[in-house]
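Here is the structure we will look at.
The values are calculated or read from the model by the stated rules, or taken from the named source; none is laboratory data. All figures in this text were calculated on a predicted structure; none of them were measured in a lab. Methodologically, a virtual Cβ is constructed for each residue, glycine included, from the backbone with ideal geometry; neighbour enumeration extends over all protein chains shown. Please note that ligands, DNA and RNA were not included when accessible areas were found on the heavy atoms of the full protein model with its side chains. Shrake-Rupley method; radii C 1.70, N 1.55, O 1.52, S 1.80 Å.
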Amino acid sequence: MKTALKSSMKLGLLTSLYFSQGLPFGFFTQALPVLLRKQGLSLPAIGLAHLLALPWALKFLWAPVMDRYGSQRLGRRRGYILPLQFLSAALLLGLALPEGSASVPTLLVAMLLVNLLAATQDVATDGLAVDLLEPEELGWGNGIQVAGYRVGMIVGGGLMLLIFDALGWRPTLVSLGVLLLVATVPVALFRESPSREPRSAEGSLGRWLREALLYWVRRPGAGTWFILLVLFKAGESLATGMLRTFLVDAGLGLSQVGWMLGFVGFTTGLLGALVGGALVHRLGQRRALLVFGTLQAGAVLLYALAASRGAGLAVLTLVCGVEHLTSGMATAALFTGMMGLCRAEHAASDYTVQASLVVMATGGAAAVSGFSAQALGYAWHFTLAAALCGVAVAWVAFTFPAPRRLVSNPPGSP
């Protein structure tokens, strides 16, 4: 009973932390493209705005420093998470102070700053997750991670669109800031267990950085695994980078897009992440990636069919739900594999290096999505994205024949 309660508290804490990251990021990546499209911005310009998520791709540069240094009073991970949460909330609330709507340049600068804060917090949160979760909890833990993050993105994107449509800019930004403060309560109440100074910290900072980052150069099979990380989410991101503008161009209003992403996306994305996390251990890493990756490719292809046939609201809602469901399952499987490859001393760095590659792939795909959609049209754009998802599945099938571990451990590593 005590063990179950302890596990529930861990999962609740992680849910609030990943929700906090997804909330502002969802607004800037899901709601903002719709608003910019309503203001007449071109598809390439909206696609290039995804490059403001660059801090998520570069966070591996400062992750080793956060692994080595931490607050003794607040906690090794918590000492970073709390102030970063408050700074993000303050930034969002500050945007709500001026009268009227925020200008596009102001929103883009705010997007960059929020991404920097959230990406840095993510380093500490991922390290805390690896520290807290036992091996048998990784599947559920990553399901919760993906679910919490996706819920935050859906609330920040879908629900905030509904609030904006009804009330305007100021209530929308105030709602974002207040929700972020509320999500800070669990980590504020959490007491991180005292941890020993990492063994490698006895050397110089330069040595610590080399051990953290060059480790992946020496690890057998790391290159093949990294290619999988790049491929696995790029296809989906290429598709979803233009999803919001596709829905707008299909004739849907802000409330309809907000309802579709806020309710349907919330429900199916949450279900997919939890189901995927629960099944990863049972299926095994390789089989889970194959099964869930195939389902994800099929769901993206449904967008192509919907675009080619001029589907209405009901069909688009169904397709959106299926895509969120399969994406949650596939992401939970991928993140479980990533977390299983982390060393205890370099948990935040190891996970961040892998996560940064995923962000580079997804951010790059989203950045070029506008050019692809404009050149090919939505139907062929989504077809291309589905094909890229299929390439990732083929890479798993032909490159990782072993049924169990996808990347081998070098001698002497955990």
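Here the condition is being part of a loop (DSSP other than H, G, I, E, B) and in contact (Cβ under 8 Å) with a residue 24 or more places away in the chain; of 289, 301, 252, it holds for 252 alone.
Any idea how many residues of segment 320-367 are buried (at least 21 other Cβ atoms within 10 Å of the Cβ) and acidic (Asp, Glu)? Number satisfying all stated conditions: 2. The residue of segment 299-351 that is nearest to the chain's Cα centre (by Cα), among those that are aromatic (Phe, Trp, Tyr) and under 30 Å from residue 215 (Cα atoms), is 335. Among all residues of segment 382-398, there is none that is on the phi > 0 side of the Ramachandran plot and out of contact with any Asp or Glu (no Cβ under 6 Å at 6 or more places or on another chain).
Hey, could you check segment 368-414 for residues that are open to solvent by less than 20 Å² (accessible area, probe 1.4 Å) and at pLDDT below 80 and say which is farthest from residue 246 (Cα to Cα)? Ranking the qualifying residues of segment 368-414, first place goes to 407. The residues listed here are 102, 129; of these, the one that is on the phi < 0 side of the Ramachandran plot and modelled with pLDDT of 75 or more is 129. In the condition set (1) in a helix (DSSP H, G or I); (2) over 15 Å from residue 246 (Cα atoms); (3) not small (Gly, Ala, Ser), residue 345 is compliant with all but (1).
Given the structure, is residue 70 modelled with pLDDT under 70 and either under 23 Å from residue 89 (Cβ atoms) or in the same structural domain as residue 375 (by the TED database) (or both)? For residue 70, the condition - modelled with pLDDT under 70 and either under 23 Å from residue 89 (Cβ atoms) or in the same structural domain as residue 375 (by the TED database) (or both) - is met.
Exactly one residue among 92, 84, 74, 61 is over 19 Å from residue 129 (Cβ atoms) and open to solvent by 10 Å² or more (accessible area, probe 1.4 Å), and that residue is 61.
Taken over segment 278-299, the criterion of being within 12 Å of residue 327 (Cα to Cα) and crowded, with 20+ Cβ neighbours inside 10 Å is satisfied by 289, 292, 293, 295, 296, 297, 299. Scanning segment 36-58 for residues that are at pLDDT 75 or above and not small (Gly, Ala, Ser), we see that the one that is surrounded by the fewest Cβ atoms within 10 Å (Cβ to Cβ) is 58.
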